[in-house]
Amino acid sequence: MRTASSLSARARGKLLRELTPYLDGYSLYFNLPPAGGRTERLAEYARVGSRSEVSGRILVPSPGHVELGNEVRLGSLRVDSGSYLFVDHGVQDAGVICRDRHCIKTRLKEYTGSYSGENQVTISVDFEAGVALSHATPETWPYLRNFWDSRSCVLRLAELFKKYRIPATWATCGHLFLDGCSGDHGFDERDWQGEWFSHDPCSDYETAPSWYMPDVIEELIKTPHFEIGYHTFGHFRLRHCSEATVRRDMELARQIRKKWGLKLESFVFPYNECGHFELLKEGGFTNFRGNIGKILPSYGIIDFGDFRFFNTTQMFAPETMDRCFRLLDGLDGRAANFYTHCYQWGERDAWQKLEQWLARLAGLRDAGKISLAKMGDLRPARPVESKPAVTVGEPCWNR
């Protein structure tokens, strides 16, 4: 038997659907009594972090493009149709108004931006390997150890990209740059499943090659149309991270730049979950890929002046290739940002279909219908310089 609350929710949903063609039905729904539930109702349509609240009216006609981080306190919220709005963790403000511009609001600054890069397509690879096991439970680790051993997949992907002259950004976890380690990486915070790196082998690339891949990174660097990007040191879910963890991560990123001679300016959010933009900018990053809100696929590259944001469009994987073909045919001038995980190509044999898709990409490029670029090729209007930081510890980096 349906409860009174479930019947009430169904009635509100039906009212929203009926009124939306005639007025701002979403905002009407968000602001229905009781007032204390407005943020909860917003979270049905937009991403809302923990311990966040909007005390006043919510005027959001396209809530799928809205995201509030953790511990956000707003007096009111207004966003125009089609605009992306991300309010970073800890923002306390009397109100946010973003009219016809995309907006990322941090505690220090409000960044507004506009679309750039028409017909631009980027390809990025989330290169995590065994490091993603830092969040696995002990009972699943023996299976995942094989699941994440992506060394051969990385090299095969790279060969296909080179064959069709496809630029690619390899978003690499920092732990993979190491020759070896003791397991102490200077992070004190615990994550949502216990200690980070609880499965770190604390050895070297010969003993545990899934956790240390400096030799593979060396091979990728040799290809001019490949870019080495960053995917945090340990595949950190930034929505759950403290500022201290992010600052330490940025220190390690600076060490990688110095030891490897890399620009390391493109950052891909693990799980596509955004956060801590100011700290990442201070850390020297000017290009970011992730998702704002709940709408997928998302399109476009947004220039915010100090940095650019690449909306994650679609993951290409053995189980999604048919959808990826359809998306290519329906771009209509929009910029798109496709990505994959290395390990996915070790699960199922879909290399032939992937090669057909890459050939299709190359054909569209050669016909002048799209342009292909690395994330780092698309520079923001006003590059930001990273601030110096005191180095804490000295990991065993290659070189």
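Annotations
- Listing of strands (runs of 3 or more DSSP E) fully contained in the stretch 279-357 that carry 3 or more residues being in the same structural domain as LEU378 (by TED's automatic domain parsing) and out of contact with any His (no Cβ under 7 Å at 6 or more places or on another chain): 287-291, 308-311, 336-341
- Residues that are modelled with pLDDT under 95 and part of a loop (DSSP other than H, G, I, E, B) were ranked within the stretch 226-239; the one that is farthest from the chain's Cα centre (by Cα) is GLY234.
- The one condition from (1) modelled with pLDDT under 95; (2) on the phi < 0 side of the Ramachandran plot; (3) more than 20 Å from the chain's Cα centre (by Cα) that LEU178 does not meet is (1).
The rows are residues; the columns are (1) small (Gly, Ala, Ser); (2) crowded, with 23+ Cβ neighbours inside 10 Å.
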| site | (1), (2) |
| --- | --- |
| PRO270 | no, no |
| PHE277 | no, yes |
| LYS281 | no, yes |
| LEU296 | no, no |
| PRO318 | no, no |
| ARG323 | no, no |
| ASP332 | no, no |
| ALA335 | yes, yes |
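- In this structure, GLU282 does not qualify as more than 17 Å from TYR111 (Cα to Cα) and of a type in the set (Asp, Glu).
- Selection from the stretch 181-200 of residues that are on the phi > 0 side of the Ramachandran plot and either buried (at least 21 other Cβ atoms within 10 Å of the Cβ) or not in a loop (DSSP other than H, G, I, E, B) (or both): GLY194, PHE197
The values are calculated or read from the model by the stated rules, or taken from the named source; none is laboratory data. Quantities reported herein were computed from a predicted structural model and do not represent experimental measurements. Quick reminder, even Gly has a Cβ in these numbers, built from the backbone with ideal geometry, and neighbours come from all protein chains shown.
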